[in-house]
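Novice: Let me give you the structure first, and then I'll get to my questions.
What follows is calculated from the coordinates using simple rules that are stated; it is not laboratory data. Only a predicted model underlies this, so the values are computations on that prediction, with no experimental measurement involved. Glycine gets a Cβ as well: all are built from the backbone with ideal geometry, and neighbour counts include every protein chain shown.
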Amino acid sequence: MIREARPEDMEACVEIQHSLFGDDKEKCRYYFKKNIKDKDFTTLIAESQGKITGLTTFQYRRWNNIVYAYTLYVAKGFQGKGTGSDLLSEILKRARALKARKIFLDTIRTNKKAIDFYKKKGFKKAGSISDYYKIGKCKDALILSLDVKG
Ligand SMILES: CC(C)(COP(=O)(O)OP(=O)(O)OC[C@H]1O[C@@H](n2cnc3c(N)ncnc32)[C@H](O)[C@@H]1OP(=O)(O)O)[C@@H](O)C(=O)NCCC(=O)NCCS
């Protein structure tokens, strides 16, 4: 089941992000709280049998009419079971409802698994940015985009 995030989902989301990337938990909390209050941001939760298995946060950018996905995370142990696809389908559905032109996202240049996943979903390379990420071994980002068609 995919649903909108609620404040009480925060700790489970922080745990997923921390366990995937080792991100600082306080920073994760800060962004979760900030984004959940912002009307241009949407955080969606994937839930299975009462357990949070994944999340995505995206922003609708009015000025250029695009949706930017900041996160798409599936918890370890739940990957490869269609959860990432379900979350992405929901982003696409909402992007269509907004009549957005494109979905953009960034991923670590060496994250082959994620890049293969997005390419399979029709995303194409839109650019790259060196030294984009503040933490982690690889700091270079690959920017991917998908046309949103009716
Ligand atoms: C990348 C990620 C979001 C994919 O979600 P998922 O739930 O594991 O993927 P799904 O089960 O929905 O798989 C969807 C498709 O991608 C394919 N896929 C999944 N992992 C893959 C891999 N390692 N290599 C190639 N294809 C892969 C599946 O075969 C499937 O194809 P199908 O629809 O034709 O059967 C998830 O694995 C994840 O959260 N990874 C860690 C965090 C991360 O890197 N997030 C992206 C950062 S931007």
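Novice: At 0.36 nm per residue, minus the direct Cα-Cα distance, what do Trp63 and Lys99 gain on full extension? Give it in nm, one decimal, please.
Specialist: Values: separation 36, 0.36 × 36 = 12.96 nm, distance 1.30 nm.
Length difference between fully extended and current span is 11.7 nm.
Novice: OK, next. Kirkwood Rh over alpha-carbon pairs of the chain, then Stokes-Einstein at 4 °C and 1.567 mPa s: what D in µm² s⁻¹, rounded to an integer?
Specialist: 82 µm²/s
Novice: What is the gain in length, in nm to one decimal, between Ser48 and Phe21 on full extension, counting 0.36 nm per residue of separation less the C-alpha to C-alpha distance?
Specialist: Computed gain between Ser48 and Phe21 is 7.5 nm.
Novice: Could you pull out every whole DSSP H run in the chain that spans at least 27 Å of Cα extent along its own axis and averages 0.5 or higher on the Kyte-Doolittle scale?
Specialist: Counting only whole DSSP H runs, no helix qualifies.
Novice: Taking loop as defined by DSSP and a crowding limit of 11 other beta carbons within 10 Å, which trypsin sites (Lys or Arg not before Pro) in region 2-58 fit? Intermediate results must be reported in sequence, preceding the final value.
Specialist: Details: sites: Arg3, Lys25, Lys27, Arg29, Lys33, Lys34, Lys37, Lys39, Lys51; in loops: Lys39.
Here the sparse-neighbourhood loop sites are Lys39.
Novice: I need to check one value: relative contact order of the chain, counting alpha carbon pairs closer than 8 Å and at least 6 residues apart, in percent.
Specialist: It comes to 18 percent, rounded to a whole number.
Novice: Over region 97-142, what is the relative contact order in percent, taking alpha-carbon pairs closer than 8 angstrom and at least six residues apart?
Specialist: 41 percent
Novice: Would you please classify the overall shape of region 44-101 from the alpha carbon gyration tensor, given that a ≥ b ≥ c denote the square roots of the eigenvalues, rounded means a/c under 1.5, and beyond that prolate means a/b larger than b/c while oblate covers the rest? Can you show the working numbers first?
Specialist: Values: a/c = 2.80, a/b = 2.43, b/c = 1.15.
The shape class here is prolate.
Novice: Related question: Just for the chain, what percent of DSSP beta bridges are antiparallel, to the closest 5?
Specialist: Percent antiparallel among DSSP bridges in the chain is about 90.
Novice: Sort Leu92, Leu87 by Cβ crowding within 10 Å, fewest neighbours at the top.
Specialist: Going from least to most buried by this count: Leu92, Leu87.
Novice: Quick check for me: using +1 on Lys/Arg Cβ and -1 on Asp/Glu Cβ, what's the dipole size of region 5-150 about its Cα centre, in debye to the nearest 20?
Specialist: Dipole size: approximately 620 debye.
Novice: Please report, in debye to the nearest 20, how large the charge dipole of region 1-76 is about its Cα centre when each Lys and Arg carries +1 at its beta carbon and each Asp and Glu carries -1 there.
Specialist: Result for region 1-76 is approximately 240 debye, rounded to the nearest 20.
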